[in-house]
Amino acid sequence: MWSRRAAALCAFALAFSACAQRMDEQSKMKPLRESKFFADGRSARPLVQGTIPQGPLPDPYFDEGREGKGFATRYPFPVTRAVLARGQQRFDIYCAVCHDRAGSGRGMIVRRGFPKPPSFQEPRLVAAPPGLFVATIANGVGPMFPYGDRVEPKDRWAIAAYIKALQLRERFPVAKLSAKERSMLEAAN
């Protein structure tokens, strides 16, 4: 009786031990590689005709700051004090660690060895349209990784507006304003 149970248990263990398949051992097709399986020779399959995407369609202008082949030069909404305050708040959260709060590129992680980003006061960035900053936030550039999944498009535009305000503040400090210009500035506050 004992030998029958032992034999059955061994047969059961042998039968089911051969069923273990690991995912990395299965046949698969790598994306965008050539394939002999499909008649068109591609492993990536085209979208099915008539399918409708779920969710909103991406808007290159609003989401990534692109206008045609270049970058957007106009903002999608009026730049108000509230927009600048939101841009400053988001900048302090996401950007200041590398760019520092003044935008000079000497943030805390740069002081700890991370590559230095450019200063926002560089002439090419002062002349850059706001869409460039929106695109950079969304997609990243160089060692900067993309923040498109962390920063909403409206906040990207607010950060871009705040960066432009930082650039203006450096070029036109309050101390250099005339008395009339200072009074106008104070009235706006």
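Restricting attention to the range 120-145, report how many residues are of a type in the set (V, I, T) and assigned to a strand (DSSP E or B).
1
Among the residues that make up the range 93-112, is at least one of them within 27 Å of D59 (Cβ to Cβ), more than 19 Å from the chain's Cα centre (by Cα), at pLDDT 95 or above and of a type in the set (A, V, I, L, M, F, W, C)?
No: zero hits.
For the range 146-189, which positions are in a loop (DSSP other than H, G, I, E, B) and at pLDDT below 90?
F172, P173, L177, S178, N189
If I go through the range 126-162 residue by residue, how many of them are under 17 Å from V79 (Cβ atoms) and not hydrophobic (A, V, I, L, M, F, W, C)?
Residues in the range 126-162 being under 17 Å from V79 (Cβ atoms) and not hydrophobic (A, V, I, L, M, F, W, C): 9 in total.
Name the single residue that is modelled with the lowest pLDDT among those in the range 45-66 being surrounded by fewer than 12 Cβ atoms within 10 Å (Cβ to Cβ) and small (G, A, S).
Looking at residues that are surrounded by fewer than 12 Cβ atoms within 10 Å (Cβ to Cβ) and small (G, A, S), I get G55.
Looking at Q89, Q121, which one is over 17 Å from G142 (Cβ atoms), in contact with a Leu (Cβ under 9 Å, 6 or more places away or on another chain) and among the polar types (S, T, N, Q)?
Working: Q89 fails: in contact with a Leu (Cβ under 9 Å, 6 or more places away or on another chain).
Sole residue among the options that is over 17 Å from G142 (Cβ atoms), in contact with a Leu (Cβ under 9 Å, 6 or more places away or on another chain) and among the polar types (S, T, N, Q): Q121.
Going by the structure shown, is P46 within 24 Å of the chain's Cα centre (by Cα), more than 16 Å from I137 (Cα to Cα) and assigned to a loop (DSSP other than H, G, I, E, B)?
So P46 fails the test.
For the condition surrounded by 15 or more Cβ atoms within 10 Å (Cβ to Cβ) and of a type in the set (A, V, I, L, M, F, W, C), what is the one hit in V174, V134?
Only one candidate passes the filter, namely V134.
The values are calculated or read from the model by the stated rules, or taken from the named source; none is laboratory data. These figures come from a predicted structure and were not determined experimentally. Ideal geometry is used to build each Cβ from the backbone, glycine not excepted, and the neighbour counts take in all protein chains shown.
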